[in-house]
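Take this structure, written in structure tokens, and hold onto it; I'll ask about it next.
Each reported figure results from applying straightforward, stated rules to the coordinates on display, with no laboratory input. Computed from a predicted model, the values in this text were never measured in an experiment. Note: ideal-geometry Cβ built from the backbone for every residue, glycine included; neighbour counts use all protein chains shown.
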Amino acid sequence: MADKCILLDHGSGGLASQELISSLFVKHLDNPTLRGLEDSAVLERPAGRLAFTTDSYVVDPIFFPGGDIGMLAVHGTINDLAMRGAQPLCLSLGLILEEGMALDDLERIVVSIAACCRDSGVPVVTGDTKVVPRGKGDKIFINTSGIGVLADGIDISSKNAREGDVILLSGTMGDHGITIMTRRAGISMQGRLESDTRPLHRLVQRLLEGLPGGVRTLRDPTRGGVATTLNEIAANSGLGVELREEFLPVRPQVRAACELLGLEPLYLANEGKLLAVVSADQAETALRIMRETDEGAEAAIIGRMVGGKAGRVVITTPLGGMRMVTPLHGEPLPRIC
Amino acid sequence: MKYYDEYRDGASARALVAELRKVVTRPMRIMEVCGSHTMAIFRNGIRSILPDGLELISGPGCPVCVTSASHMDAFIAMADRPGVRVAIFGDLFRVPGSRGSLANASSRGAKVDIVYSPIDALDLAARHPQDLVVFLGVGFETTTPTIAATILAARNRNISNFAVFATQKTVPPALTVLLEDPELQLNGLLCPGHVSAIIGAGAYIPFAEKYHIACVVAGFETTDLLTSLIMLAQQIGAGEARVENAYARAVSWEGNTRAQQMVAEIFEPCDTQWRGLGLIPGSGLKIREKYRDFDAEVRLHVTLPPADEPKGCRCGDILKGISNPRQCPLFGNRCTPASPVGPCMVSSEGTCAAFHKYGLEV
């Protein structure tokens, strides 16, 4: 498909659309449910409650170190399901393409989506493609929705955090956000910066099995970073959060880039990390379980839930001083996911 | 990470905190002039461990904050002109003028580009030959050399659709105004690190002598700041008023003479309006006649419209250190980082933004 690009015809529903579907989507994403190409996918009804989520992806650039927009779209939606304790079952895939997008780029993204689906065991079972005229979009926008199933008794929510609970972060902060920001600013850094995009559902299942009843809250700190997500947990639980700055894991190259650009890792997006609030007596077990996995190898205990300071996140600095950690405010951030 | 970790080490910082407690032997008022210092002091938690008697006052050292409403209105009017594309640093995007912000202008179709360096604005001009790209020059001595270098680069590269709307300011004339103010009884100045890298630590000698005020040039890391506060407290305790340089790894006594020469080649001093401080003679920079082709004010015949400061906003007194943000009736309710009324809230280095973001009592 060298030198070829997306035409308005590819979204018309006619012959060109069908060709694109069979030569690209069915070829790479094939599975028995998708193969029928009917108007909707028909699924067997699983036992248990369902979790249902949707997210749209507009990241610029569409390819970046460590991933691409397709990977984000699969991982992001799987992770949103996992954060409620659900086992992801299947995804939908909606694409909005800009006329003139290189077909090679599209194929690269579809191949990447297919690889992520295989790796995570979560298939795309239904999809849609539209094309907008040149200048009305930006190469490609993706929407994925996902359905997951919750085992009996699972109740994971930011409301459930209790006083004295311990907060864990499954790895380093800011890798995705800083990778995109430095790409956009045209800055190349010594030391490799790479997005951390990855699915977290297996890590979540390990935690749920290993700590029956002990996991209160799971959240993935994407846009707005760890700072904003912790503020949401504090607000929803009616408790305060206390952090220790020296416990926060950050890669040296991410820290260096943050110094250069005047950014704080606490506010940078992550695409493959989770915050877990667990009961204090199970915190060490939670840390051990996380560190036994690839996803959580660099996990750390970063703080705890406290009473009396509802909705506030406070951090103790290395010198023993304190400051507030407020949520991200509407800064003119570039499109990072 | 080298050059960072040794200045942030918790144990050495805690030892310095203990020493600071020992040397503050009388009430003292110290102004941190620079907005980056204000933010660093909050971020490190230094404000929460200050000994009794040591009062830190945040000064006017945030260039966005001291940009007058009249200049903001002129920026927005410029962005609205057909055929003009303005390039700005991100901080300026949401600063309110008297009728909306550049963000509002952008949403109604004005071409507003956020850049990381003036050179990016020049590249933008090269890519958009049909537009006149105007870089909005807001900044202190730290920013001006790169703007000067960009104008020289524009001339060398023969890029004629590039101009600068110069509103940069210089710090020393503003210090004079502050130190002349009878309301603001200061004992010491924590002098800016980046500005001093350009103008040199020697620039504060006349202030130390004339106003008998202790001056210490400070860096931005935890131990830099604590060491500088200790040096100031020792001077004040001993009744001394000298200039000391605690940031010698970046700042020399004479400053960056090459940058100074480049700035003098392109710019000349002029009177300019500061938000909060009013008109300060000789505190602004305008583009010299020789480089008028790159002067947006000349090319687009800009006149500065009269503009009212927002009602009830105390940014003026806050910039002078006379009020602190919590004394402003708008702080935290009508004026927040999400919906700022005054410039001290919108700039990431503004005093109100620092109090709102990090202040424990909020």
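Can you give the translational diffusion coefficient of region B:50-203 in µm²/s, computed by Stokes-Einstein from the Kirkwood radius over Cα pairs at 25 °C and 0.890 mPa s?
The estimated diffusion coefficient comes to 143 µm²/s.
Using modelled backbone amide H atoms (1.01 Å from N, in-plane), which distant-in-sequence or interchain residues come within less than 5 Å of B:Arg85's amide H?
B:Leu132, B:Val133, B:Val134
Quick one: longest stretch of chain B between exposed loop GluC sites (Glu not before Pro), exposed meaning at most 14 other C-beta atoms within 10 Å and loop per DSSP?
Maximal segment without exposed cleavage sites: B:1-182.
Let me check I've understood the local charge: for A:Glu284, count other residues with C-beta under 14 angstrom from its C-beta, Lys and Arg +1, Asp and Glu -1. What total comes out?
Value of the local net charge: 0.
Averaged over its residues, how many other protein chain Cβ atoms are within 10 Å of peptide A:309-321's Cβ atoms?
Rounded to a whole number, the mean comes out at 6.
Please compute the net charge surrounding B:Arg288, taking Lys and Arg as +1 and Asp and Glu as -1 over other residues with Cβ under 14 Å from its Cβ.
Net local charge, B:Arg288 excluded: -2.
Relative contact order (percent) for region A:8-150, with alpha-carbon contacts under 8 angstrom and 6 or more residues of separation?
This gives 39 percent for region A:8-150.
To continue, here is another question. Let me know the whole percent of all Cα-Cα pairs from chain B that are separated by more than 29 Å.
Tail fraction, whole percent: 41.
A follow-up question, please. Cross-link partners among lysines for B:Lys320, C-alpha distance below 25 Å, same-chain residues fewer than 8 apart left out?
Once the sequence-local lysines are set aside, what remains near B:Lys320 is B:Lys169, B:Lys210, B:Lys286, B:Lys311, B:Lys357.
Considering only lysines 8 or more places apart in sequence, or on different chains, count the pairs in chain A whose C-alpha atoms sit under 25 Å apart.
Lysine pairs, 8 or more places apart or on different chains, close enough: 9.
What does the structure give for B:334-341 when I average, per residue, the other chain Cβ atoms found within 10 Å of the residue Cβ?
Whole-number average of other-chain Cβ neighbours for B:334-341 is 2.
Indicate the gyration tensor shape class of region A:158-324 (rounded, prolate or oblate), computed on the Cα atoms with a ≥ b ≥ c the square roots of the eigenvalues: a/c under 1.5 is rounded; otherwise a/b larger than b/c is prolate and the rest oblate.
Taking the square roots of the gyration eigenvalues as a ≥ b ≥ c, region A:158-324 is oblate.
Calculate how large, on average over all directions, the projected area of the Cα convex hull of region A:28-183 is; give the answer in nm² to one decimal.
One quarter of the hull surface, i.e. the mean projection, equals 11.6 nm².
Follow-up. Mind listing the phi-derived Karplus ³J(HN,Hα) values for region B:327-336, rounded to whole Hz, using 6.51, -1.76 and 1.60 with θ = phi - 60°, and x for any glycine or proline?
Here the 3J(HN,Hα) series is 7, 8, x, 8, 4, x, 10, 6, 10, 9 Hz.
In deg cm²/dmol, rounded to 500, what helix-only [θ] at 222 nm does chain A give when every DSSP H run of at least 4 residues adds -39500 (n - 2.57) and the total is split over its residues?
-8500 deg cm²/dmol
Ignoring GluC sites (Glu not before Pro) that are buried or in helix or strand per DSSP, and keeping those with at most 13 other beta carbon atoms within 10 Å, what is the longest stretch of chain A between them?
A:45-291
What's the local net charge at B:Ile41, with K and R +1, D and E -1, over the other residues with C-beta under 12 Å away?
So the environment of B:Ile41 carries a net charge of -1.
Same structure again: Could you check which residue among A:Leu211, A:Leu150, A:Leu15 shows the biggest mean-square fluctuation in a GNM of chain A with a 10 Å Cα cutoff?
The residue with the greatest mean-square fluctuation here is A:Leu15.
DSSP loop (so not H, G, I, E, B), at most 11 other Cβ within 10 Å: list which trypsin sites (Lys or Arg not before Pro) in region A:141-197 pass both filters.
Taking region A:141-197 and a limit of 11 other Cβ atoms within 10 Å, the loop trypsin sites (Lys or Arg not before Pro) found are A:Arg192.
Here is a follow-up. Find which of A:Ser188, B:Ala354, B:Pro51 sits farthest along the positive direction of the dipole of the protein assembly as shown, computed with +1 on the beta-carbon of Lys and Arg, -1 on that of Asp and Glu, about the Cα centre.
Looking along the dipole axis, the top candidate is B:Pro51.
Grab the eigenvalues of the alpha-carbon gyration tensor for region A:38-98, scale each by 5, take roots, and send me the semi-axes largest first in whole angstrom.
Equivalent ellipsoid of region A:38-98: 25, 16, 8 Å, largest first.
Turning to a different aspect of this structure: Which percent of the Cα-Cα distances in the protein assembly as shown go past 41 Å?
Cα-Cα pairs in the protein assembly as shown separated by more than 41 Å: 37 percent.
Out of the DSSP beta bridges found with both residues in chain B, what percent are antiparallel (nearest 5)?
Roughly 25 percent of the beta bridges in chain B run antiparallel, per DSSP.
Scan region A:93-147 for trypsin sites (Lys or Arg not before Pro) in coil per DSSP, keeping those whose Cβ has at most 14 other Cβ atoms within 10 Å, and list them by number.
Filter output for region A:93-147: A:Arg134, A:Lys136.
DSSP loop trypsin sites (Lys or Arg not before Pro) in region B:198-276 with at most 16 other Cβ atoms within 10 Å of their Cβ, which ones?
Here the sparse-neighbourhood loop sites are B:Arg242, B:Arg249.
For Cα pairs less than 8 Å apart in space and 6+ apart in sequence, what is the mean separation divided by the residue count of chain A, i.e. the relative contact order in percent?
Once divided by the residue count of chain A, the mean separation gives 23 percent.
Can you tell me which aspartates and glutamates have their Cα less than 17 Å from the Cα of B:Lys290? Leave out same-chain residues fewer than eight positions away.
B:Glu265, B:Glu268
Based on other C-beta atoms within 10 Å, arrange A:Ser158, B:Ser252, B:Ser283 from fewest to most.
B:Ser252, A:Ser158, B:Ser283
Show that you can apply the helix-only estimate: for chain B, add -39,500 (n - 2.57) for every DSSP H stretch of four or more residues, divide by all residues, and state [θ] at 222 nm to the nearest 500.
-10500 deg cm²/dmol
What list of whole percents do you get for P(r) of chain A, with Cα-Cα distances grouped in 20 Å bins up to the one holding the largest distance?
It works out to 31, 54, 15, 0, in whole percents.
Give me the percent relative contact order of region A:158-324, please, defined on Cα pairs under 8 angstrom at least 6 residues apart.
43 percent
Kindly give Rg over Rh for region B:179-329, based on alpha-carbon atoms, with the Kirkwood expression for the hydrodynamic radius.
Reported Rg/Rh (Cα atoms, Kirkwood Rh): 1.03.
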